[in-house]
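Let me begin by presenting the structure, written as structure tokens, before commenting on it.
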Amino acid sequence: MESIWSKTAEVTAMPSLADNLETEVAVIGGGMAGILIAYFLQQEGKKVIVFEASRVGSGQTKNTTAKISSSHNLIYHKLIRDCGIEKARQYALANQKAIKAYQNLIDKYQIPCHFQELPSYLYSVTRSDSLEAEVKAAQKLGIHAEFTTQTELPFPVAGAAKFYGQAQFHPLEFLDKMIKELTIYENTKVKSVEGQEIVTDSYVIHAEQIVFATHYPFINVPGYYFMRMHQERSYVLALENAVQLDGMYLGIDKENSFSYRNYEDLLLIGDSGHRTGENKVGGCYQKLWEEASKYWPGSRVSASWSAQDCMTLDGIPYIGQYSSQTPDWYVATGFGKWGMTSSMVSAMLISDLIMKRENPFMEVFSPQRFHLSASAKNVVTDGYKAAKGILYENLKIPKENIEELPLSHGGIVEYEGKKAGVYKNAEGEVFIVDTRCPHLGCQLEWNPDELSWDCPCHGSRFDYKGNLIDNPAQENLNTE
Ligand SMILES: Cc1cc2nc3c(=O)[nH]c(=O)nc-3n(C[C@H](O)[C@H](O)[C@H](O)COP(=O)(O)OP(=O)(O)OC[C@H]3O[C@@H](n4cnc5c(N)ncnc54)[C@H](O)[C@@H]3O)c2cc1C
Ligand code: FES
């Protein structure tokens, strides 16, 4: 499954690391966050090197829908209520500034990346009160927003919150330009970090400062991000022959809520999401297609893809010092569904921290914060899910065996007296893996939409052969 971005742009290849190195700043991870952080620091005159396990942009960034927006679902009303007006204002201003920063970079370098300024809409088909409250909250924080019932969607809405001055673009076309002046080593996976020493498969790097921009941080202790973040997957279809909209749309209803934007003459419809590791039944792409074909029966799917987001306890990213014990480590993670502006906020904030400058947004994004009122419910849910994932591994013995598993299906079966994860392809070939997650030992679940083994605890994923797809796990699964 290839996204429309990967299909239409190629990011220039970079060499692999071939020697031990010393640098002022090492950035681990070459997604949108890592590249912007490296760029900002290099502009400050720092010697910066990016280490990327695979290819630049090949993580979640190549599978985004790339809306550059400060309208992050119903966030502002909640932020004012749970964290107070001052922190809510910091969040709003940081994201507004991030939109402007994209525009400035694209203008400065004349980057041909399909950048387009558009309004974005949050909509509901059932109720308008929460949208009206969101508009009032956004206006209070200085954002240009208004409530409306008029949209270009092909169904009536109860209301919509329209945010002005938002944008969309092609993320890989943008990244390809941004990496031109940077030092980047691709296919260079960082295995471990101790103090100032970064260790890859074959080499050691000494860095005065280290930035973790790996989507989910892979060092468990210190930081303990695994105790305060889970991942959620969502799905996208690109449709030919659908419609051209006047803006970007995001549904806020609990059921049957979808996001829409155009890329050239294609309509991208997204969502159908779930917590990673909780898609036993499948049908996520089908659900998107059923929705799309209701309104655009003559349309055709030209691409489909999926990705996942790191969800924090209070819905605010963790951007800043990695932990109180590691003054020279920094982290940019927990972007929720809003990694484009959050990556830019990370670049602005972390470059200020490393340059020892005051930053007005430091407090709200601080990874060391804890807002009890905003986090309490999620602390309980995440803790419960993690405990359940681990206990299940220890207690439950499956009844099925390999012979009973139908063709083109995967599942957990009894094999040689033990539990095993098995995928049987259409030809009857069998692939057996150990479904104990190498991160912290939770039980993996089969994802029939993507033929992958997914972890409900913190969201690591593996293909049916056991190869690692998404972190925080660092290793492949044990196989037969
Ligand atoms: C379906 C979907 C649609 C979305 N749409 C939007 C949107 O419209 N607007 C928006 O703002 N956000 C959106 N997002 C969120 C956004 O795409 C992500 O938050 C963002 O791309 C994350 O960027 P990143 O750099 O943090 O992570 P990534 O792009 O995943 O980059 C992390 C990089 O780190 C590398 N890495 C990991 N471990 C190591 C290691 N040990 N050594 C070296 N390298 C390593 C990986 O290979 C990867 O390239 C969407 C997300 C999804 C799921
Ligand atoms: S991702 Fe943490 S245990 Fe699987």
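Please verify whether Met248 is farther than 20 Å from Pro448 by Cα, within 16 Å of ligand 2 (Cβ to nearest atom), at pLDDT 95 or above and open to solvent by less than 30 Å² (accessible area, probe 1.4 Å), treating the condition exactly as stated. Judged against the criteria, Met248 is not a match.
Each row is one residue, and each column tells you yes or no for (1) touching a residue at least 60 places away in the same chain (Cβ under 8 Å); (2) within 21 Å of Asn73 (Cβ to Cβ); (3) part of a strand (DSSP E or B).
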position	(1), (2), (3)
Gly282	yes, no, no
Gln286	no, no, no
Asp314	yes, yes, no
Ile319	no, yes, yes
Val331	yes, no, yes
Met348	yes, no, no
Glu358	no, no, no
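Listed conditions (1) surrounded by 23 or more Cβ atoms within 10 Å (Cβ to Cβ); (2) in contact with a Lys or Arg (Cβ under 7 Å, 6 or more places away or on another chain) are all met by Glu240, apart from (1).
Every listed requirement among (1) open to solvent by less than 10 Å² (accessible area, probe 1.4 Å); (2) within 24 Å of Gly334 (Cβ to Cβ) is met by Val433 save one, (2).
Here Pro438 fulfils each of the conditions (1) open to solvent by 30 Å² or more (accessible area, probe 1.4 Å); (2) at pLDDT below 95; (3) within 16 Å of ligand 2 (Cβ to nearest atom); (4) not hydrophobic (A, V, I, L, M, F, W, C) apart from (2). If the condition is being under 21 Å from Leu93 (Cα atoms) and either open to solvent by 20 Å² or more (accessible area, probe 1.4 Å) or more than 8 Å from ligand 1 (Cβ to nearest atom) (or both), then the range 36-71 contributes Leu36, Ile37, Phe40, Lys67, Ser70, Ser71. When restricted to residues that are open to solvent by 20 Å² or more (accessible area, probe 1.4 Å) and either within 16 Å of ligand 2 (Cβ to nearest atom) or among the β-branched types (Val, Ile, Thr) (or both), the range 263-296 contains 4. Being away from ligand 1 (no atom under 14 Å from the Cβ) and either without any contact (Cβ under 8 Å) to a residue 24 or more places away in the chain or surrounded by 23 or more Cβ atoms within 10 Å (Cβ to Cβ) (or both), is that true of even one residue in the range 203-219? No, the range 203-219 contains no residue that is away from ligand 1 (no atom under 14 Å from the Cβ) and either without any contact (Cβ under 8 Å) to a residue 24 or more places away in the chain or surrounded by 23 or more Cβ atoms within 10 Å (Cβ to Cβ) (or both).
Counting only residues that are hydroxyl-bearing (Ser, Thr, Tyr) and touching a helix residue (DSSP H, G or I) at 6+ places or on another chain (Cβ under 8 Å), the range 99-144 holds 5 of them.
The values are calculated or read from the model by the stated rules, or taken from the named source; none is laboratory data. None of these values were measured; they are calculated from a predicted model. So basically every Cβ, Gly included, is an ideal-geometry build from the backbone, and we count neighbours across all protein chains shown. Surface accessibility is based on the protein's heavy atoms, side chains included, excluding ligands, DNA and RNA. Shrake-Rupley method; radii C 1.70, N 1.55, O 1.52, S 1.80 Å.
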